[in-house]
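Rule-based calculations on the coordinates, nothing more; no lab input. All figures in this text were calculated on a predicted structure; none of them were measured in a lab. Quick reminder, even Gly has a Cβ in these numbers, built from the backbone with ideal geometry, and neighbours come from all protein chains shown.
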Amino acid sequence: MKNNDRTWVEIHLDTYRANIEALKCFLSPDQSFMQIVKADAYGHGALEIAEQALALGARFLGVANSEEGRLLRLQGITAPILVLSPSLETEIASLIDYDLTPTISSWGFAIAMEDHLHHKGKQMPYHLKLDTGMHRSGLSRQEFYKFIEQISKLTELKLEGVLSHYAASENDPDFSREQEECFFELISSIKPQPSFIHLANSSALINGLASCGNLVRLGILSYGIYTHPQQRSLIDLQPVMQFKSRVSLIKDIEKGETCGYNRLWMAEHDTRYALIPAGYADGYDYLLGNRAEVSIGEHCFPVIGKISMDMITAEIGDKPVSVGDEVCLMGGAALQTHAENLVAGYNGSSYELLCQLGRRARRYYYLNGQLCSSSPLSRRDFVPADFSDSKLNSIIEAAVLQRLDSSEIGSIVYREMLSSLFFDKDSDIHYRKGFRHSIKLIEGDSPLHYEVETELSYRKVLDSEYFIVACAQSETALQAYLKRKDVEYRWLMDDNFEINPDSFIVSSIKVNELRLSTDSRHENGCLELRCSHPELNTLLGKEVDFVINTRTIYPRKSHQMSIFITELTKGISLSFSYPEDWTGVECIPIFSGQNRYPKITRSRNIIELSTSPEEWIFTLSGVVFAY
């Protein structure tokens with residue numbers, strides 16, 4: 001891959017998938033797995049890893065707190081998400097609103113959660129945490145029996161799972177067996193047994209410590225990082241993440257000269273070194289100085305001197321290294337640059353190194369050997385609620401300018417179309433979709449007008465217990481109804497005709513299967529029809545089907561019929577039916593949106609104009625049928 005980045009992170013999803021398949025070989029037939037995606041999936045990208053894990057059969061996703069779970073929900077993840085750490089009472093609303101399963105081991109939290117659920121009229125599953133020797137969170141053996149008796153009496157919280165955590169499953173099998181025995185003793189007293197029982201992490205799984213439970217939590221091993229040297233003989237895994245940079249400068253240094261802050265490295269002979277534009281501000285740990293190695297081409301080179309905020313130096317000697325060469329700082333084929341080997345030099349944590357790497361680096365995701373997506377430099381997914389209104393407006397405007405690659409056109413789009421949608425943050429903004437409007441002109445007996453039959457149908461979120469159908473005699477009068485959000489249909493009547501119940505008739509109006517009644521009144525030269533039904537209040541906030549049928553008249557002298565789109569709309573179909581003996585009828589679309597040129601089809605006396613169901617049409621688009 002060629003890019004212009006100083007540093008970047010590559011996430012190889014094919015490698016992740018291979019790791020998961022290798023780990024699944026250790027599962028028994030009745031076991032499923034939970035993918036741990038807390039801390040942004042250990043720095044790998046929670047959304048991207050979650051999507052792959054679910055495709056590979058993950059039953060749950062595990063996060064540390066409600067904010068991590070909320071972000072996944074906002075990104076479209078619907079699978080069960082378990083919040084593994086104890087939640088605060090201030091997180092309860094978020095847990096409920098975003099359907100996040102809490103882990104509970106506190107009676108005060110359980111009561112507070114029950115109270116919130118009762119007021120919302122909801123029930124929620126939870127997992128019970130037991131402390132079997134980790135001595136972090138969870139119920140002790142002494143607390144367990146009384147707690148399970150109390151919490152079982154709550155009506156809104158439903159026990160779905162029980163869990164505990166091994167303290168040293170990678171290197172202390174004796175203590176792990178003690179934990180397993182304690183866990184089994186406690187859960188055997190729960191009747192009926194919960195749906196999910198989980199004690200084992202990925203290290204426990206490959207060490208044969210996963211028999212007690214039907215769910216296994218896969219964490220660091222799924223990302224290809226070993227936590228104990230013996231694990232390499234049990235399973236073949238590869239690092240999913242590679243942290244990379246490139247050589248920015250090559251310099252000579254003479255014997256006896258020093259390099260870096262505090263002169264902690266001295267050249268033992270004349271040599272060369274490469275400057276690499278990454279440092280501890282990028283998450284490359286300060287303690288790696290004089291301990292780590294980097295990979296350039298087929299060779300590994302020692303890091304020399306202290307790690308600076310923005311720079312690393314590596315001794316390259318007489319090896320063929322050039323400015324611009326790619327450098328692998330972590331991951332890759334060389335064992336020296338694998339996370340567990342990097343941190344071994346200072347007795348550090350590979351978990352910590354993974355989570356902090358690439359703070360200023362763009363992430364690139366590869367699947368099937370091809371670049372499939374990337375994430376921004378900030379390593380932080382965009383959440384609108386994090387920004388003030390003024391900041392959010394500037395972000396939206398900047399995004400439009402960047403997307404259109406034109407400051408002039410972008411400003412017009414933002415100012416004239418988008419800013420009007422966001423002028424009042426308290427207003428609900430809905431849109432129509434599946435918009436169909438058919439107009440049929442019929443000769444009739446009158447020498448002055450045609451008879452007209454129309455049908456308008458679409459889907460939209462219902463936000464009021466009533467709405468208005470308006471008919472006006474002038475464009476000025478009708479203009480007032482364009483600004484009203486409670487108006488669903490507008491018709492312009494020629495001023496030669498008197499507006500009355502005989503000249504403009506709503507023959508049928510339905511929302512879903514409810515047939516609405518209408519009350520009419522005249523107001524400022526307009527006929528207002530108020531449409532309502534006693535059961536509309538049960539549909540508020542839901543997406544419903546509108547169908548409006550009218551019969552009216554239209555002047556013969558006009559020679560044109562216009563249809564305008566007055567709301568943001570997704571997918572339209574317009575049709576104009578006219579007397580069979582007419583010739584030369586023209587269709588003139590005026591469209592703004594994703595496509596200026598909708599599809600136009602003609603039959604003997606019908607013109608139809610349509611877009612795809614997924615195509616957006618901006619307001620004040622429309623069509624003129626001239627005859």
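May I ask you to order 440-448, 235-243, 73-81 by the average number of other C-beta atoms within 10 Å around their residues, highest value first?
Descending mean neighbour count gives 235-243, 73-81, 440-448.
Among E326, E608, E68, rank each residue by its count of other Cβ atoms within 10 Å, from fewest to most, as a rough exposure measure.
Neighbour counts put them in this order, fewest first: E326, E608, E68.
Under 5 Å between amide hydrogens, which residues at least 5 positions from I312 or on another chain qualify, with H placed 1.01 Å from N in the peptide plane?
I276, A278
Roughly what % antiparallel, to the nearest 5, for the DSSP beta bridges in the stretch 432-626?
On the way: 67 of 80 bridges.
So the antiparallel bridges amount to about 85 percent of the total.
Test of understanding: ordering I396, I409 by Cβ neighbours within 10 Å, fewest first, what list do you get?
Working: I396 17, I409 12.
Taking fewest neighbouring Cβ atoms as first place, the list is I409, I396.
Using modelled backbone amide H atoms (1.01 Å from N, in-plane), which distant-in-sequence or interchain residues come within less than 5 Å of R362's amide H?
V9
Per DSSP H run of n ≥ 4, the term is -39500 (n - 2.57); total these for the chain, divide by its residue number, and report the mean residue ellipticity at 222 nm rounded to 500 deg cm²/dmol.
Numbers: 14 runs with 131 residues, N = 627.
So the helix-based figure for the chain works out to -6000 deg cm²/dmol.
Taking a ≥ b ≥ c as the square roots of the eigenvalues of the Cα gyration tensor of the stretch 1-109, is the shape rounded (a/c under 1.5), prolate (a/b larger than b/c) or oblate?
Taking the square roots of the gyration eigenvalues as a ≥ b ≥ c, the stretch 1-109 is oblate.
Just the number, please: percent antiparallel of the DSSP beta bridges in the chain, rounded to the nearest 5.
Looking only at bridges with both residues in the chain, the antiparallel portion is about 70 percent.
So how do D519, D174 line up by other beta-carbon neighbours within 10 Å, fewest first? Don't skip to the answer; put the middle values down first.
Numbers: D519 10, D174 7.
Starting with the residue having the fewest Cβ neighbours, the order is D174, D519.
Of K483/K557; K440/K510; K460/K557, which pairs sit farther than 24 Å apart, going by alpha carbon to alpha carbon? Don't skip to the end; give the middle numbers.
Details: K483/K557 29 Å; K440/K510 20 Å; K460/K557 36 Å.
Result: K483/K557; K460/K557 exceed 24 Å.
Can you list, bin by bin at 5 Å, the percent of alpha carbon pairs in the stretch 92-170, starting at 0?
Bins of 5 Å from zero give 3, 15, 27, 23, 15, 10, 5, 2, 0 percent of pairs.
Which entries in K38/K120; K24/K158; K24/K146; K129/K542 show an alpha-carbon gap greater than 31 Å?
In this structure, K24/K146; K129/K542 exceed 31 Å between Cα atoms.
Collect residues whose amide H, placed 1.01 Å from N in the peptide plane, falls under 5 Å from the amide H of D172; neighbours closer than 5 in sequence don't count.
Amide H to amide H, under 5 Å and 5 or more residues apart or across chains, D172 pairs with nothing.
Per the Cauchy relation, a quarter of the hull surface: what is the mean projected area of the convex hull of the alpha carbons in the stretch 241-375, in nm²?
Its Cα hull, projected and averaged over all orientations, spans 8.3 nm².
Can you give the Rg to Rh ratio of the chain, both from alpha-carbon atoms, with Rh computed by the Kirkwood formula?
Result for the chain is an Rg/Rh of 1.11.
Just report the Cα centroid separation between the stretch 121-164 and the stretch 290-359, whole Å.
The distance from the Cα centre of the stretch 121-164 to that of the stretch 290-359 comes to 45 Å.
Packing-wise, with mean Cβ within 10 Å as the measure, how do 5-12, 219-226 rank, highest first?
Working: 5-12: 22.2, 219-226: 24.0.
Packing proxy ranking, top to bottom: 219-226, 5-12.
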